[in-house]
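Structure record follows, encoded as structure tokens.
The values are calculated or read from the model by the stated rules, or taken from the named source; none is laboratory data. Since this is a predicted model, take the numbers as computed values, not measurements. For neighbour counting, all protein chains shown are included, and Cβ atoms are generated from backbone atoms with ideal geometry for every residue, glycine included. These area figures cover heavy atoms from the full protein model, side chains too; ligands, DNA and RNA do not enter into them. Shrake-Rupley method; radii C 1.70, N 1.55, O 1.52, S 1.80 Å.
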Amino acid sequence: MKLRGLYAVTDSQLLAGKFLAYVEAALEGGVTLLQYRDKSSDEARRLREAEALRNLCERYKTQLIINDDAELAARLGVGVHLGQTDGPLAPVRALLGHKAIVGSTCHASLELAEQAVNEGASYVAFGRFFNSSTKPGAPSANLELLEQARIKLHVPICAIGGITLENAAPLVAHGVDLLAVVHGLFGADSTADVTRRARAFNDLLHIK
Ligand SMILES: Cc1ncc(COP(=O)(O)OP(=O)(O)O)c(N)n1
Ligand SMILES: Cc1nc(C(=O)O)sc1CCOP(=O)(O)O
Ligand SMILES: [Mg+2]
């Protein structure tokens, strides 16, 4: 199955006090991948929240991805997303098996993307495309990179970084399969608006 659609990424600060309600609202609007991104070292809370997300994702037939932590992903039987400083991809692919979704951050580098594909990445993520309040210091990427990536790579292409309903259309026009979004989705004022935003992202991607 080709991965294409909205890739919702959680943020523990932004979602404090409304974590599951906002995630469920997004799933209600349609989410292809949900990433649990929690940069804290509170292992017990991370396990509890990741298990709750796995249960929600099963109900909505959405694939759960754990950021950074292959051990937690293996424990829950879900996918993982690894950045360039999160360790080598090949052993993680071996740990999780050939069916697992394993994503790789490639910043603005086709070389990193080709290497990630060779090591077994299921998708490659480029970014950041716009200013991001979630990760302001992430290196920047541009639309030309996407055109070259579309020609050279044969895995789904994910874009991340400051993506909103207002700026996402050119990314889709340049061949992006997955729109990875934190603030542009979960920065909404209500669960109803999270669901509306998720549906609108899917419309941009011509999903359903
Ligand atoms: C879909 C997606 N793309 C990129 C990232 C960033 O990963 P990384 O560079 O490891 O940074 P952190 O997210 O771990 O701070 C991502 N998480 N998801
Ligand atoms: C986690 C992350 N990684 C990025 C990268 O460029 O690798 S940008 C980013 C933050 C995405 O959040 P928002 O949609 O709120 O900008
Ligand atoms: Mg990481």
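Report the residue count in region 106-145 for those that are open to solvent by 20 Å² or more (accessible area, probe 1.4 Å), closer than 17 Å to residue 3 by Cα and in contact (Cβ under 8 Å) with a residue 40 or more places away in the chain. Total satisfying the criteria: 1. Of all residue pairs spaced 6 or more apart or on separate chains, those with beta-carbon atoms under 7 Å, a first member in region 1-15 that is part of a strand (DSSP E or B) and a second member that is at pLDDT 95 or above and of a type in the set (Lys, Arg) are 9/37. Looking at residue 121 and the list (1) more than 16 Å from ligand 2 (Cβ to nearest atom); (2) under 13 Å from residue 153 (Cα atoms); (3) hydrophobic (A, V, I, L, M, F, W, C), which single condition is not satisfied? Failed condition: (1). The residues of region 146-186 that are in contact (Cβ under 8 Å) with a residue 60 or more places away in the chain, of a type outside the set (A, V, I, L, M) and buried (at least 22 other Cβ atoms within 10 Å of the Cβ), listed by number, are 156, 158, 186. For residue 9, indicate whether it is crowded, with 18+ Cβ neighbours inside 10 Å, within 12 Å of ligand 1 (Cβ to nearest atom) and not charged (D, E, K, R). Considered against the rule, which asks whether it is crowded, with 18+ Cβ neighbours inside 10 Å, within 12 Å of ligand 1 (Cβ to nearest atom) and not charged (D, E, K, R), residue 9 comes out as yes.
Rundown of residues vs (1) open to solvent by less than 10 Å² (accessible area, probe 1.4 Å); (2) over 21 Å from residue 125 (Cβ atoms); (3) assigned to a helix (DSSP H, G or I), yes/no style:
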{"position": "40", "(1), (2), (3)": "no, yes, no"}
{"position": "47", "(1), (2), (3)": "no, yes, yes"}
{"position": "55", "(1), (2), (3)": "no, yes, yes"}
{"position": "65", "(1), (2), (3)": "yes, no, no"}
{"position": "87", "(1), (2), (3)": "no, no, no"}
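Annotation note: of 34, 95, the sole residue that is under 27 Å from residue 112 (Cβ atoms) and either touching a strand residue (DSSP E or B) at 6+ places or on another chain (Cβ under 6 Å) or within 16 Å of ligand 3 (Cβ to nearest atom) (or both) is 34.
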